[in-house]
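Enquirer: The structure under discussion is supplied below as structure tokens; questions concerning it will follow.
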Amino acid sequence: MQQITALKDLLQEPKEILITTHHKPDADALGSSLGLAGYLKKKGHVVTVVTPSDYPDFLNWMNGNNDVITYDTATNDELVKKLINQAEVIFCLDFSSLSRINEMGPYVQEASATKVLVDHHLDPEDFAQLIFSDTRAAATAEIVFELIRDLGDQALIDVHIGECLYAGIMTDTGSFRHPSTSRNVHLIIAELLQVGVNTSNIHRLIYDSHTETRLRFLGYVLKDKLTVLREFRTAYIAITAEELKKYDSKTGDTEGLVNFALSIEGVVFAALIIDRVNAVKMSFRSVGNFSVNDFARKHFQGGGHRNAAGGIAFEPLAATLSRFLQILPEYQDQLLKDN
Ligand code: 5GP
Ligand code: MN
């Protein structure tokens, strides 16, 4: 309650506000950012959304997308630094550790702005003055909806803001099937329907917008790259930089692949391991009690949620994969336990 009162006070007068979110923003990262931006603009604030990297084209339909500034070390470092330094308030959405915004991390850390963290990841770092962290929330967009409502402004949530928030909740709940899909989630969705959000259209924009190449890449990966380790109830996919190149893979093209590995009967742990040249990026998913957050945190400098997390390794793909395979026996008992 205190926090929301403090936020209300902070936003009493029009402010210069910067909103940022994690590297390679997904629909929740971008949707919660643009939903919040839409609301704050209606309240008379000057708002800039800055993402630490590019994001998939299938998110470009969101209202406010055209004004997003994508940080790029080579082209706009000075501009972004300036924007961060002149902001009076910085909202950090959908991430819990400053390492998730890459080069922008130290700038935000040192900025004099009041920082507001809005997030649902585990173990938030202590860098913000106001913290709205709810690890039980299905999506950051759910928390943004609640913040706007608790600030007394639900009436300002129009169809444009609603679409952004819907996209975040829809994707982070796996289209309303993960256990995080609470009654509260459905009640919020009912409110978004009320303002005219076209839910099936948003689903289509996000999930049925594959290029032909992407679909063929998916076919190749499922046929030739998927490995199932029954003894660990684990399935993984490792993709080389050459394969990404061959299939002309774009940002977002590998999203969702890890879920195919998890969809195999009996599998409780899935990993997607991708050679991004400068680093190996990993996506982890689990069902039941096995915590991929703990796994990613302990072995791959990452984190996330219990059943969805990510990590990174600064060694070649083959070395990362063999380390992954060497670690698995440590977890065999946990993985074989009834989930
Ligand atoms: P994804 O596998 O979809 O990239 O990410 C799954 C979840 O883990 C997301 O909530 C994402 O924010 C988080 N995540 C992904 N990569 C990392 C990472 O390197 N570090 C941390 N702390 N979280 C990550
Ligand atoms: Mn999220």
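Enquirer: Once the dipole of the chain is set up with Lys and Arg at +1 and Asp and Glu at -1 on Cβ about the Cα centre, which of A318, A137, T48 lies farthest towards its positive end?
Expert: So the residue we want is A318.
Enquirer: What is the projected area of the convex hull of the Cα atoms of segment 177-276, averaged over all directions, in nm²?
Expert: Hull-based average projected area comes out at 8.2 nm².
Enquirer: Here's something else I'd like to know. Nothing charged except the Cβ atoms of Lys and Arg (+1) and of Asp and Glu (-1): what's the magnitude of the dipole of segment 212-336 about its Cα centre? Round to the nearest 20 debye.
Expert: It comes to approximately 160 debye.
Enquirer: Still on this structure, please answer the following. Could you give the size of the charge dipole of the chain about its Cα centre, using +1 on the Cβ of each K and R and -1 on the Cβ of each D and E, expressed in debye and rounded to the nearest 20?
Expert: Here the size comes out at about 600 debye.
Enquirer: Which pairs, out of K82/K245; K15/K281; K8/K250; K115/K245; K250/K298; K42/K82, put more than 32 Å between their alpha-carbon atoms?
Expert: Check vs 32 Å cut-off fails for K82/K245; K15/K281; K8/K250; K115/K245.
Enquirer: Please turn the phi angles of segment 203-219 into ³J(HN,Hα) values with the Karplus equation 6.51 cos²θ - 1.76 cosθ + 1.60 (θ = phi - 60°), one per residue in order, whole Hz, x for glycine and proline.
Expert: These are the phi-based 3J(HN,Hα) values: 4, 5, 4, 8, 9, 10, 10, 5, 7, 4, 4, 5, 5, 5, 4, 4, x Hz.
Enquirer: Here is a follow-up. Based on the Cβ-Cβ distance of V159 and H299, what FRET efficiency does E = 1/(1 + (r/R0)^6) give at R0 = 41 Å, to the nearest 0.05?
Expert: 0.40
Enquirer: Further question: Would segment 64-112 count as rounded, prolate or oblate if I go by the C-alpha gyration tensor, calling it rounded below 1.5 in a/c and otherwise prolate when a/b exceeds b/c, oblate otherwise?
Expert: Rounded, since a/c falls under 1.5.
Enquirer: Count charges around A128 for me, please; just the other residues with Cβ under 12 Å from its Cβ, Lys/Arg as +1, Asp/Glu as -1.
Expert: On the way: positive: K115; negative: D119, E125, D126.
Surrounding charge for A128 is -2.
Enquirer: Nearest 10 degrees is fine. How inclined is helix 27-42 to the longest principal axis of the chain, computing both from alpha carbons?
Expert: 0
Enquirer: Starting from the Cα of Y207, step 7 Å along the direction of its Cβ; do the same at V277; then give the gap between the two resulting points in nm.
Expert: 3.3
Enquirer: What's the center-to-center distance, using Cα atoms, between segment 77-153 and segment 1-73 in Å?
Expert: 10
Enquirer: Continuing with the same structure: Measure off 7 Å from each Cα along the Cα-to-Cβ vector at T251 and E191, then give the distance between these two points in nanometres to one decimal.
Expert: Calculated label separation equals 3.0 nm.
Enquirer: Taking the solvent-accessible surface of protein heavy atoms with a 1.4 Å probe, what is the per residue accessible area of segment 47-157 in Å²?
Expert: The answer is 41 Å² per residue.
Enquirer: Another question, then. Compute the accessible area per residue over segment 212-336, keeping the other protein chains in place, probe 1.4 Å, unit Å².
Expert: Accessible area per residue, segment 212-336: 48 Å².
Enquirer: Rounded to whole Hz and in sequence order, give me ³J(HN,Hα) for segment 256-266 from the Karplus expression 6.51 cos²θ - 1.76 cosθ + 1.60, θ = phi - 60°, writing x for Gly and Pro.
Expert: Residue by residue, segment 256-266 yields x, 4, 4, 5, 5, 5, 6, 7, 6, 4, x Hz.
Enquirer: Same structure again: Hey, what do the phi angles of segment 232-247 turn into as Karplus ³J(HN,Hα) couplings, whole Hz, using 6.51/-1.76/1.60 and θ = phi - 60°, x for Gly and Pro?
Expert: 10, 6, 10, 10, 9, 10, 10, 10, 7, 5, 5, 5, 4, 5, 4, 9
Enquirer: Quick check of the Kirkwood formula: for segment 28-75, what is the inverse mean of 1/r over all pairs of different Cα atoms, in Å?
Expert: 11.3
Enquirer: Between segment 183-203 and segment 211-229, what is the C-alpha centre distance in whole Å?
Expert: Result: 32 Å between the Cα centres.
Enquirer: Under 5 Å between amide H atoms, partner at least 5 residues away or on a different chain: which partners does G302 have, H built in plane at 1.01 Å?
Expert: R297, I312
Enquirer: Sticking with this structure for a sec: Could you give the length gained on full extension between D134 and V228, defined as 0.36 nm per residue of separation minus the Cα-Cα distance, in nm?
Expert: Contour length minus the Cα-Cα distance gives 30.4 nm.
Enquirer: If you look at just the Cα atoms of the chain, how large are its Rg and its Dmax in Å?
Expert: Final numbers for Rg and Dmax: 19.9, 60 Å.
Enquirer: Is the C-alpha gyration tensor of segment 1-159 telling us rounded, prolate or oblate? Criteria: a/c under 1.5 is rounded; beyond that, a/b larger than b/c is prolate, otherwise oblate.
Expert: Because its axes are fairly even, with a/c under 1.5, segment 1-159 counts as rounded.
Enquirer: Something else about it: Could you give the alpha-carbon Rg of segment 212-336 over 2.2 N^0.38 Å, rounded to two decimals?
Expert: Working it through for segment 212-336, the quotient is 0.99.
Enquirer: While we're looking at this one, here's another question. Can you find, among L147, V221, T114, the residue sitting farthest towards the positive end of the charge dipole of segment 94-248, where Lys and Arg contribute +1 and Asp and Glu -1 at Cβ?
Expert: So the residue furthest toward the plus end is V221.
Enquirer: I'd like the carbon and sulfur percentage of the solvent accessible area for segment 103-229, probe radius 1.4 Å, heavy atoms only, ligands and nucleic acids excluded.
Expert: Ligands and nucleic acids excluded, carbon and sulfur reach 48 percent.
The values are calculated or read from the model by the stated rules, or taken from the named source; none is laboratory data. None of these values were measured; they are calculated from a predicted model. Note that each Cβ is placed from the backbone with ideal geometry, even for glycine, and that neighbours are counted across all protein chains shown. The accessibility values were calculated without ligands, DNA or RNA, using every heavy atom of the protein model including side chains. Shrake-Rupley method; radii C 1.70, N 1.55, O 1.52, S 1.80 Å.
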